[in-house]
Amino acid sequence: MRATRRGQVAAVAIVVMAAGCAPSAGPASAGPERTKVASRPTVQVPDDVRAFRSQTLPRPVPAPKRLLIPASGVDTSLERLRRLPDGTIQVPKHWQRAGWYEAGPRPGDFGAAVILGHVDSPTGPAVFAGLNSLTRGDLIVVRRTDDSTVTFRVTRTELRRRADFPVDDVYWPTLKPELRLITCGGPYVRAHGGYLSNVIVFADLDRAH
């Protein structure tokens, strides 16, 4: 899905990005199946709300540079992922490195920040191989470019078929800082283009320091 910076969804299209995966043996896949989904209708905003302008600006949130998930042994730097000309999101270039969707909110900013990673590679498990083992209460730490950290606490982990990908739950703007981690999951069926489902971890802000 495509969202503009600071969590506002682009008006043209929302793009579902199923994090890239490859089978654990054999040649690497060309990448995930990507699906475009029409955006929601334009929300009607009252004129007085539309005209409001704050007299103060919030302090900019630093970009993320590293992700740590103690419960699954993840400690990875983060690539910046952008939107491609066809409206889909890039997948991380490296099997053992996750990527942050830079057009969306930054971790710790208002909205749902999205981090993607591979579940496996041609030679074995990849960076998000243990994502489906995360449970409610597990901590996720994001280190930012100013060396500050923001910690999220897992609220739930879901396995969802790609055909039923929860676009609104993952990408739609929220009124508090949240985090989504996404990888592939479920059965791998080469004839159907790879993994049939996605593992999605939902997490809320625990603390920033």
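The values are calculated or read from the model by the stated rules, or taken from the named source; none is laboratory data. Small disclaimer: the values here were computed from a predicted structure and weren't measured. Cβ: placed from backbone, ideal geometry, glycine included. Neighbour counts: every protein chain shown.
Computed quantities for the displayed model
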quantity: Every residue from the range 131-141 that is buried (at least 16 other Cβ atoms within 10 Å of the Cβ) and either over 18 Å from R160 (Cβ atoms) or basic (K, R) (or both); calculated: D138, L139, I140, V141
quantity: Residue check, G186 at positive phi and either of a type in the set (S, T, Y) or at pLDDT below 95 (or both); calculated: yes
quantity: Out of T183, T145, T157, sole residue that is of a type in the set (S, T, Y) and farther than 23 Å from G73 by Cβ; calculated: T145
quantity: The range 142-170 residues that are surrounded by 19 or more Cβ atoms within 10 Å (Cβ to Cβ), paired with ones that are in a helix (DSSP H, G or I) and not hydroxyl-bearing (S, T, Y) (beta carbon under 9 Å, 6 or more apart); calculated: V154/A71; T157/L131; T157/N132
quantity: Any pair with Cβ under 8 angstrom, 6 or more apart, that starts in the range 195-209 at a residue that is farther than 10 Å from T183 by Cα and ends at one that is acidic (D, E) and surrounded by fewer than 17 Cβ atoms within 10 Å (Cβ to Cβ); calculated: F202/E158; F202/D169
quantity: Verdict on G117 being surrounded by fewer than 22 Cβ atoms within 10 Å (Cβ to Cβ), small (G, A, S) and modelled with pLDDT of 95 or more; calculated: no
quantity: In the range 75-97, the residues that are surrounded by 21 or more Cβ atoms within 10 Å (Cβ to Cβ) and in contact with an Asp or Glu (Cβ under 7 Å, 6 or more places away or on another chain); calculated: L81, P92
quantity: Tally, over the range 174-209, of residues that are in a strand (DSSP E or B), over 14 Å from the mean Cα position of the chain (by Cα) and of a type outside the set (F, W, Y); calculated: 11
quantity: Number of the exception - R97 against (1) at pLDDT below 95; (2) touching a Ser or Thr at 6+ places or on another chain (Cβ under 6 Å); calculated: (1)
